[in-house]
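Have a look at the structure below before the remarks.
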């Protein structure tokens, strides 16, 4: 895997076998199916060094991951990670506790954080072993995929 | 997530040291240490990550599914699970994978050791020695060092991705060999990066050796594989520094697993001898003479002899193994000729098979019994972390009394560092960390 050459990057994170944990992967899959030629779409398990490697050099990065904040299932939260640290406890742990949060903060410490890194969190309900999203999370996945498609369109038409 | 809480001392002479969630380890565990009159009277490495029941749900599955199912046990060492699984199945079916297919298995294992060891050395363990809360804080002062670690890890990822089909949970390993083997030119693309990685690994050994180490030599019972010609990955006899020398199939008649109330991971002991130590330090002590000349030279330059019994220096030995893995990977790539077929035939029969390979954290034992259709009747998996639990507790019992005068927070940190000497993988071990020191 090498650093992205695309200006716009979308990364969906999750575990496909932990029900709602797959929300980020499902958003990425929908955008891949729509073959957005203006950006790269990736699915990741959330391993931190791989994320750092992927977004190194990209200008505009959107990350989608499942969260557990206590909000209602399917709620979508938006964080501008370029401007402020993420609220660590709501993102689900990754292997060896080197996941998304650590990747963002280590990139920041190494001055490799993309200038525009937006992270969307979709509130999950069921993180037990198994496949399939909860109805509210499925709805949020469809909404966010559409929102991102629009955001990318605007971004292409009116770059920052 | 780190939340330490120190129990309030009821008297000057007793205390509780308690770490609710151990940081910088894989999975969920904690630590509880009870001290009375400056004596440690109880140490519990608590593993409360829920059991995962892999052995149970392997029953009824086809033998061919085993490498892909067991790879899911760990995101850090999936190759180890795949390798122990395929060797156990091949043992059951009476076949042996040789030549270039065997070499490719060593190569993919090199990739996993590089990835896993580099993550632990740079991101999880080095901050302890250098006095940082984590790798992020360390990166603010040691940016170029952290960058080197990230690049070095990538060299390992590149091997696993090429041979395993993808970086995490690789899918190209099968009983009998691989689904697809690389061309010479594909492997050659790894060589340049690995030459850089070998130099970076040498720097890593020097850097690790420059760290401050507490004086803590212990008398350990080391267990590792030993092969006549090679530093061990996939094959060899199980040996110890106290006379054990058995075939892998004799594992269960020599080792027993015991259930303890405070851990979801079974504790493993060597019959009549007790707790034993597996992993890089055990391999190093039992196989120094099998390291490549470059790795041996780097060890000597780092001030080590062929024996080392200070677990805090495991960071040096882990670095030496990164160097060895880069060196070995380059040797395999230079000698590679693509095999005619990616896998040998697998004659299925009703049988039992045994496999033990050297995962980054130590020996990983698998045993399967299959029927004549190759359906699994029962399975047994013993991961390295569950084997190291008792030794970790013993280390803490010895270590804490020497440092009781330290402030509570620092003592807690030192205890966590002592646990991280073993790079525990709690997710693997559950059937399996929180620190509590109880001073009364």
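Derivation of every value follows stated rules applied to the coordinates shown; laboratory data play no part. Predicted model only: the values in this text are computed from it and were never measured. Backbone-built Cβ (ideal geometry, glycine too); neighbour counts: all protein chains shown.
What does the helix-only formula give at 222 nm for chain B: each DSSP H stretch with n ≥ 4 adding -39500 (n - 2.57), the total divided by the residues, and the result rounded to the nearest 500 deg cm²/dmol?
-13000 deg cm²/dmol
Given the options A:73, A:16, A:109, which has the most mean-square fluctuation in a GNM of chain A, springs set between C-alpha atoms less than 10 angstrom apart?
Among A:73, A:16, A:109, the largest GNM mean-square fluctuation belongs to A:109.
So if each residue of separation counts as 0.36 nm, and I subtract the Cα-Cα distance between residue B:273 and residue B:349, what length gain in nm does that give?
23.7 nm
Find the centroid of the Cα atoms in segment B:81-126 and in segment B:395-417, then give the distance between the two in whole Å.
35
Quickly work out the residue B:213-to-residue A:146 label distance, labels modelled 7 Å from Cα along the C-beta direction, and quote it in nm with one decimal.
6.2
Residue B:297 versus residue B:53, label points 7 Å from Cα toward the beta carbon: distance in nm?
For the pair residue B:297/residue B:53, the computed spacing is 5.5 nm.
When DSSP beta bridges are limited to those with both residues in the protein assembly as shown, what percentage is antiparallel, rounded to the nearest 5?
70
For chain B, take every pair of Cα atoms, bin their distances at 10 Å starting from 0, and report each bin as a whole percent.
Going from the shortest bin to the longest, the percentages are 5, 22, 32, 26, 12, 3, 0, 0.
For a distance above 22 Å, tell me the whole-number percent of Cα pairs in chain A that qualify.
35
For the protein assembly as shown, treating each Cα as an identical point scatterer without solvent, what Debye log10 I(q)/I(0) comes out at q = 0.10 1/Å?
The Cα Debye sum returns log10 ratios of -0.88.
Need one number: % antiparallel among DSSP beta bridges in chain A, to the nearest 5.
Close to 25 percent.
Given points 7 Å out from each Cα along the Cα-Cβ axis, report the residue A:34 to residue A:17 separation in nanometres with one decimal.
The answer from the label model is 3.0 nm.
Give the separation of the Cα centroids, segment B:314-357 to segment B:250-286, in Å.
Cα centres, segment B:314-357 to segment B:250-286: 24 Å.
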